[in-house]
Amino acid sequence: MVPMLSLFRPLAQTSIRKSVAIYPRKSILGSTFTVNAMSFPYKPNTEPPKDMTVFKNITQVASLSDKFRRVLWTGRNSQLVIMTIPVDGEIGEEIHTVDQHLNFHSGTAKAVVNGKTESINPGDVVIVPAGAKHNFINTGKTPLIVSTVYAPAEHKADTVHDSLEEGERLEEEGKDEPPAWAMELHKKDTA
């Protein structure tokens with residue numbers, strides 16, 4: 001029997017903790033967590049999903065990652081990605097062929113979309129339509145924590161980029177392409 005709901009919760013610490021550096025404790029919405037540098041507790045799907053997926057408290061989930069970009073979920077028509085933009089860092093000026101919805105969880109930023117600028121704060125959502133030149137620059141004293149939905153997918157289903165530079169290099173080399181099944185926008189699953 002196939003479960004109707006996929007509920008993402010952290011994996012057991014015993015199976016993921018190894019002898020690696022532990023990041024300082026992070027406080028998120030009144031809860032404190034210890035982040036292990038080598039073991040993000042969520043694994044992305046690499047096959048087309050068939051059921052609902054729930055991420056409990058996306059702000060907390062996004063705050064647990066220390067990576068510049070990390071794909072959490074990829075579907076046939078969209079993709080959920082979390083990002084941690086370092087102090088004085090940026091997402092990088094780009095133009096997508098897909099729509100992008102960015103949810104800002106912590107930190108402050110300057111949005112630059114088609115030459116227009118806007119100050120961004122936690123709780124803000126920015127929707128960037130396909131074809132718009134855009135960049136988001138961290139203007140705060142803490143990392144900028146973002147979750148973003150691409151429709152359709154923009155990245156490989158299990159992408160993890162340590163930095164903007166790594167992401168740009170892998171994209172230029174063609175090593176960060178979404179899976180073929182994620183590019184079948186609006187096609188019905190016949191299986």
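Observations on the model:
- Flag if residue 166 is at pLDDT 95 or above, within 22 Å of residue 88 (Cβ to Cβ) and either among the charged types (D, E, K, R) or open to solvent by 60 Å² or more (accessible area, probe 1.4 Å) (or both): yes
- Identity of the residue in segment 133-151, open to solvent by less than 10 Å² (accessible area, probe 1.4 Å) and hydroxyl-bearing (Ser, Thr, Tyr), that ends up nearest to residue 95 (Cα to Cα): 150
- Tally, over segment 120-132, of residues that are farther than 24 Å from residue 61 by Cβ and either part of a strand (DSSP E or B) or open to solvent by 60 Å² or more (accessible area, probe 1.4 Å) (or both): 1
- When residue 161 is tested against (1) within 20 Å of residue 40 (Cβ to Cβ); (2) open to solvent by 70 Å² or more (accessible area, probe 1.4 Å), exactly one condition is not met: (2).
- If the condition is being hydrophobic (A, V, I, L, M, F, W, C), free of Cβ contacts under 8 Å to residues at least 12 places away in the same chain and open to solvent by 40 Å² or more (accessible area, probe 1.4 Å), then segment 169-184 contributes only 180.
- The sole residue among 18, 43, 26 that is under 22 Å from residue 162 (Cβ atoms), open to solvent by 50 Å² or more (accessible area, probe 1.4 Å), modelled with pLDDT under 90 and under 20 Å from the mean Cα position of the chain (by Cα) is 26.
- Here the condition is being more than 24 Å from residue 56 (Cβ to Cβ) and hydrophobic (A, V, I, L, M, F, W, C); of 91, 145, it holds for 91 alone.
- Of all residues in segment 78-119 being in contact (Cβ under 8 Å) with a residue 60 or more places away in the chain, part of a strand (DSSP E or B) and open to solvent by less than 10 Å² (accessible area, probe 1.4 Å), the one that is farthest from residue 180 (Cα to Cα): 85
The values are calculated or read from the model by the stated rules, or taken from the named source; none is laboratory data. Quick caveat: nothing in here was measured; it's all calculated off a predicted structure. Quick reminder, even Gly has a Cβ in these numbers, built from the backbone with ideal geometry, and neighbours come from all protein chains shown. To get the accessible areas, we keep the full protein, side chains included, count just its heavy atoms, and leave off ligands, DNA and RNA. Shrake-Rupley method; radii C 1.70, N 1.55, O 1.52, S 1.80 Å.
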